[in-house]
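Peer 1: Handing you this structure, nothing more for now.
Only the coordinates and a few stated rules stand behind these numbers; no lab work does. Only a predicted model underlies this, so the values are computations on that prediction, with no experimental measurement involved. Neighbour counts run over all protein chains shown; Cβ positions are idealised from the backbone, glycine included.
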Amino acid sequence: MTKKNNPSSFVGHLSELRSRLVKSFIFLIFLFIVSYIFSTEIYRFLVQPYADAVLDKNLDRRLIFTALHEAFLTYLKVAFFAAFFISSPFFLIQLWKFVAPGLYKNEKKALLPYLVATPILFILGGFIVYYLIMPLAIKFFLGFETVAEPGVIAIQLEAKVNEYLSLIMRLIFAFGISFQLPVILSLLARIGIIDSEYLRQRRKYFIVIIFALAAILTPPDPITQIGLALPLLLLYEISILTVKFIEKKEDAQY
């Protein structure tokens with residue numbers, strides 16, 4: 001009986017998988033504790049786009065919470081968000097170490113770029129949210145404020161801490177996951193499910209799907225929806241070129 005067919009080998013793989021999952025979970029908990037210690041600094045970092053937009057308009061604004069436990073739960077949420085964000089590359093490394101021994105050299109060479117591209121694209125999506133989408137969206141929403149006039153009540157934004165942080169963290173995850181589009185399409189092309197011609201012919205359907213996805217994942221405002229849809233359209237075109245490159249490379253090997 002070969003090593004691959006040996007039941008003890010299967011048990012060994014399960015033990016290794018459990019060990020790597022435990023290590024990842026322990027690392028996540030450790031980062032959560034560290035993140036909670038620095039949760040105030042992380043909170044200030046996430047709130048900075050709102051603060052900058054308010055200062056640009058010379059407005060006197062604040063963030064409020066309306067429940068006794070809301071601020072505490074918000075800091076917990078911020079700590080978990082930071083821990084998950086930072087630990088993601090470690091999870092991918094553990095996954096790679098588990099899968100790599102069972103791959104051939106050419107398979108390792110083909111898979112490694114995807115493991116590198118995944119966190120890079122996720123971080124790129126987060127950067128776009130933080131430095132571009134949120135400042136534009138906040139200024140857009142602040143534009144609906146009105147000043148008090150005789151017979152008119154002022155309309156002024158009093159944003160809640162929990163709602164603001166939930167929004168920016170949800171957008172970072174939505175953009176980060178959506179930016180995995182080139183990785184997903186390239187992997188589907190490698191296993192023969194799609195090709196570049198398939199992607200070109202169905203471009204108009206993917207455009208509709210992308211805008212529908214942007215409408216689902218973002219708040220109901222044009223800034224964030226277009227801000228997600230346009231990069232995804234660009235990434236879709238890049239995916240077509242990437243798949244075409246993969247096809248040419250595979251054809252050259254035969």
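Peer 1: For each of LEU188, LEU68, count neighbouring Cβ atoms within 10 Å of the residue's Cβ, then give the residues from fewest to most.
Peer 2: By the 10 Å Cβ count, ascending: LEU68, LEU188.
Peer 1: Once Rh for the range 205-248 is found with the Kirkwood sum over Cα pairs, what is the Stokes-Einstein diffusion coefficient at 25 °C and 0.890 mPa s, in µm²/s?
Peer 2: It comes out at roughly 221 µm²/s.
Peer 1: Sticking with this one: Taking trypsin sites (Lys or Arg not before Pro) that fall in a DSSP loop and have at most 15 other Cβ atoms within 10 Å as cut points, what is the longest piece of the chain between them?
Peer 2: So the longest stretch without any such site is 63-201.
Peer 1: Please go through the residue pairs LYS109/LYS204; LYS139/LYS204; LYS109/LYS248; LYS23/LYS160; LYS23/LYS249; LYS108/LYS204 and name each one whose alpha carbons sit more than 26 Å apart in this structure.
Peer 2: Over 26 Å Cα-Cα: LYS109/LYS204; LYS139/LYS204; LYS23/LYS160; LYS23/LYS249; LYS108/LYS204.
Peer 1: Measure off 7 Å from each Cα along the Cα-to-Cβ vector at VAL116 and ARG200, then give the distance between these two points in nanometres to one decimal.
Peer 2: That separation, rounded to one decimal, is 2.8 nm.
Peer 1: Let me ask something additional. Between ASN58 and ASP221, what is the spin-label point distance in nm, taking each point 7 Å from the Cα along the Cα→C-beta axis?
Peer 2: 2.3 nm
Peer 1: So how tilted is helix 222-253 from the main axis of the chain? Cα-based, degrees 0 to 90, rounded to 10.
Peer 2: 10 degrees
Peer 1: For the range 41-157, what is the charge dipole size about the Cα centre, in debye to the nearest 20, if Lys and Arg each add +1 at the Cβ and Asp and Glu each add -1 at the Cβ?
Peer 2: Here the range 41-157 has a charge dipole of around 660 debye.
Peer 1: So what's the convex hull volume per residue for the Cα atoms of the range 180-254, in Å³?
Peer 2: Convex hull of Cα atoms, per residue: 76 Å³.
Peer 1: Shifting gears a bit: Please give me, ordered by residue number, the chymotrypsin sites (Phe, Trp or Tyr not before Pro) of the range 139-248 that lie in loop per DSSP and have at most 15 other Cβ atoms within 10 Å.
Peer 2: Passing both the DSSP loop test and the Cβ count: PHE144.
Peer 1: Neighbour counts of other C-beta atoms within 10 Å: give me VAL47, VAL116, VAL78, VAL147 arranged from fewest to most.
Peer 2: Values: VAL47 17, VAL116 13, VAL78 24, VAL147 8.
Placing the least packed residue first, the sequence is VAL147, VAL116, VAL47, VAL78.
Peer 1: Give me the dipole magnitude in Debye, nearest 20, for the chain about the Cα centre, with unit charges on the beta carbon: positive for Lys and Arg, negative for Asp and Glu.
Peer 2: About 1220 debye.
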